[in-house]
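These notes concern the structure reproduced below.
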Amino acid sequence: MNLLSLLWQLQTTDTELDEKAKRLQQIDTALADTPNLDAARAAHADAQKRLAHLRAQLHDGELQALALDAKIKSIEERLYSGRVTNPKELDGMEKDLQMHKRQRNALDDKLLALMEAVEQAHARADETARALEHIETTRARELEQLARERDALIARLAELNTAREETRARLAAHADALRLYDQLRQTKAGRAVVQLKRDACGACGFAIPTALIQRVREGNVLVLCSGCGRILVG
Ligand SMILES: [Zn+2]
């Protein structure tokens, strides 16, 4: 393999290494990141809390209603028993009775509204539970896929690192070329070596003179693009 073929091979390996390393980083971020799940859990917890609160209110209201009913019943029993004959006392009892009945009616309206609210809160709790379950299932599947992809990436990165070291070892006799390659990798966004594309630089499009193209095709000396400074290969 001539010098330029080896440099192109090194570039190809390094490019894939860059891509795979970047993907590995994305995967690690995705594995650590759970904003959807957190939001769904919070929404479900809120919905359950609201439902429990409304149910407790409804229960209190129902107890109040029972207590009022008992009071009304006891007043009515005394009122209609004939045991009380004092008009003033009867009048007071009658007023008491009306007051309790008004309270009972108001309580009925409140209980009805609460029952409706409980029903809505129940529906909301169910809805958030289903949403959470869906997200959890999706997330579990996603985690499994990411873990599989991560394993494959790590294996491939190891292969690429070995290939990279092998190619660099084969380029050991061309220390200057390797040094230039490493410099260009740093200054040219990772792309030190580019292929010719219709007699022009594949990176910047600069037209390469025919005499130089010939030397690029022979592959034994470095020819740099006059436009971007990268190493050209055929
Ligand atoms: Zn160029």
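Odds and ends about this structure:
- Working note: Cα gyration tensor of the chain, eigenvalues times five, square-rooted, sorted largest first, giving semi-axes of 89, 17, 11 Å.
- Among the listed pairs Lys49/Lys73; Lys22/Lys188; Lys73/Lys110; Lys20/Lys188, a Cα-Cα separation exceeding 26 Å is found for Lys49/Lys73.
- Computed Kirkwood radius, in angstrom, where 1/r is averaged over Cα pairs of the range 126-227: 18.0
- Footprinting exposure proxy for Glu16, Glu94 (fewest neighbouring C-beta atoms within 10 Å first): Glu94, Glu16
- Shape metrics for the range 25-91, restricted to C-alpha atoms - Rg then Dmax, Å: 28.2, 91
- Convex hull of the range 175-233 built on C-alpha atoms - directionally averaged projected area, nm²: 3.6
- Against the main long axis of the alpha-carbon atoms of the chain, helix 87-170 sits at an angle near 10°.
- Per-residue ellipticity at 222 nm, computed for the chain from helices alone with -39500 (n - 2.57) per DSSP H run of at least four residues, works out to -28500 deg cm²/dmol.
- Principal axis dimensions, the range 1-51 - Cα atoms, whole angstrom, descending: 75, 9, 8
None of the figures in this text is laboratory data; all of them are computed from the coordinates on show. Just so you know, these numbers come straight off a predicted model, no measurement behind them. Cβ sites come from the backbone with ideal geometry, for glycine too, and all protein chains shown count toward neighbours.
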